[in-house]
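Participant: First, the structure itself, so that you have it in front of you.
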Amino acid sequence: MKHLKLILLFSITVLTQSCINNDIINDRVDEKFSFNNSIDELTISQTYQYTTKYTDNVGEVQTPQITWSSSAPTIISVSNTGLLTSLSAGQATIRATVNSLEGGILSIEDVVTATTAIVDNSGPKEKNGTIKTTSSYTLRGNFVLKEIPNTNDLELTVDASYIASSNLPGLYLYFTNNPNTINGAKEIGKVAVFNGAHTYIIKDTGINDFSHLLYWCKPFSVKVGEGEIK
């Protein structure tokens, strides 16, 4: 009887201190095509190189052929590699198009103004987003992701609005392009802060490498929450 009591106590402890697997995970996501480095303005006589990112229906990065075009090539031209050249004052819509791996067509556009003003498009980039729960556990807050100048590192700052359930000792944070799975994700680390502002430094990672934060319960391999990086 004493042995049975110990087993029951251990089972209750595991259930109360770990995430409970009550979700079915489907790792399919929508294909996504986006600019990594959109701009608003470009100084006349200057050039600017676009880069893009395409992820397939499981979040894997692919490199399909891109077709580039400009709505006003006498104002801003674009080469077949995405290199802009600002030629005269005005505005142009730059479009990039790829053939979807699922058989469709994906297009993205960026409206750029050619100007005589001096425009600096080379500074550190910054993105942000909102953390939300996808489970029965409390998880919410806002974050900012910044490039650290002169490095290939990032600073992830979660603000004071953040709160997470303290019943999540097996909670880990990841970067991912598929918020339904940790396959192909980059582990940032075990979550140690459950309330208030805190910061992570992520080494050797580009700001455009991943599209989401993913909060994942390791003991039961369950998604707890996510935040799209915008």
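Participant: In the set Ala185, Ala192, which member is among the small types (Gly, Ala, Ser) and open to solvent by 40 Å² or more (accessible area, probe 1.4 Å)?
Facilitator: Numbers: Ala185 fails: open to solvent by 40 Å² or more (accessible area, probe 1.4 Å).
None of the others qualify; the one that does is Ala192.
Participant: Go through (1) at pLDDT below 95; (2) open to solvent by 60 Å² or more (accessible area, probe 1.4 Å); (3) part of a loop (DSSP other than H, G, I, E, B) and name the single condition Thr16 misses.
Facilitator: Here Thr16 meets the rest and fails (3).
Participant: Mind listing just one residue for me: the one in the stretch 117-133 that is surrounded by fewer than 13 Cβ atoms within 10 Å (Cβ to Cβ) and over 17 Å from the mean Cα position of the chain (by Cα) and, of those, farthest from Asn208 (Cα to Cα)?
Facilitator: This residue is Ala117.
Participant: Could you grab me the full set of residues in the stretch 70-90 that are within 32 Å of the chain's Cα centre (by Cα) and assigned to a strand (DSSP E or B)?
Facilitator: Result: Ser70, Ile76, Ser77, Val78, Leu83, Leu84, Thr85, Ser86.
Participant: Go through the residues of the stretch 53-60 one by one and say whether even a single one is part of a strand (DSSP E or B) and aliphatic (A, V, I, L, M).
Facilitator: If we filter the stretch 53-60 for residues that are part of a strand (DSSP E or B), which is where we start, we get 53-55.
Those still in the list that are aliphatic (A, V, I, L, M) too: none.
Within the stretch 53-60 (the criterion being part of a strand (DSSP E or B) and aliphatic (A, V, I, L, M)), the answer is no, since none of the residues qualifies.
Participant: Filter the stretch 32-55 down to the residues that are closer than 12 Å to Val98 by Cα and of a type in the set (D, E, K, R) and list them by number. Don't jump to the end; show me each part of the working.
Facilitator: Of all residues in the stretch 32-55, those closer than 12 Å to Val98 by Cα come to 32-34, 52-55.
Scanning the stretch 32-55 gives Lys32, Lys53.
Participant: A further question on this structure: Being open to solvent by 50 Å² or more (accessible area, probe 1.4 Å) and closer than 20 Å to Thr134 by Cβ is the filter here, so list the residues in the stretch 195-228 that pass it. Step through it out loud before you land on a result.
Facilitator: Pass one, the stretch 195-228, residues open to solvent by 50 Å² or more (accessible area, probe 1.4 Å): 195, 197, 199, 201, 203-204, 209, 218-221, 228.
The answer is Asn195, Lys218, Pro219, Phe220, Ser221, Glu228.
Participant: Restrict the check to the stretch 124-132 and report whether at least one residue is in contact with a Cys (Cβ under 8 Å, 6 or more places away or on another chain) and in a loop (DSSP other than H, G, I, E, B). Give the derivation first.
Facilitator: Let us first name the residues in the stretch 124-132 that are in contact with a Cys (Cβ under 8 Å, 6 or more places away or on another chain), namely none.
Within the stretch 124-132, not a single residue is in contact with a Cys (Cβ under 8 Å, 6 or more places away or on another chain) and in a loop (DSSP other than H, G, I, E, B).
The values are calculated or read from the model by the stated rules, or taken from the named source; none is laboratory data. Quantities reported herein were computed from a predicted structural model and do not represent experimental measurements. Quick reminder, even Gly has a Cβ in these numbers, built from the backbone with ideal geometry, and neighbours come from all protein chains shown. Areas reflect the complete protein model, heavy atoms only, side chains present, ligands, DNA and RNA absent. Shrake-Rupley method; radii C 1.70, N 1.55, O 1.52, S 1.80 Å.
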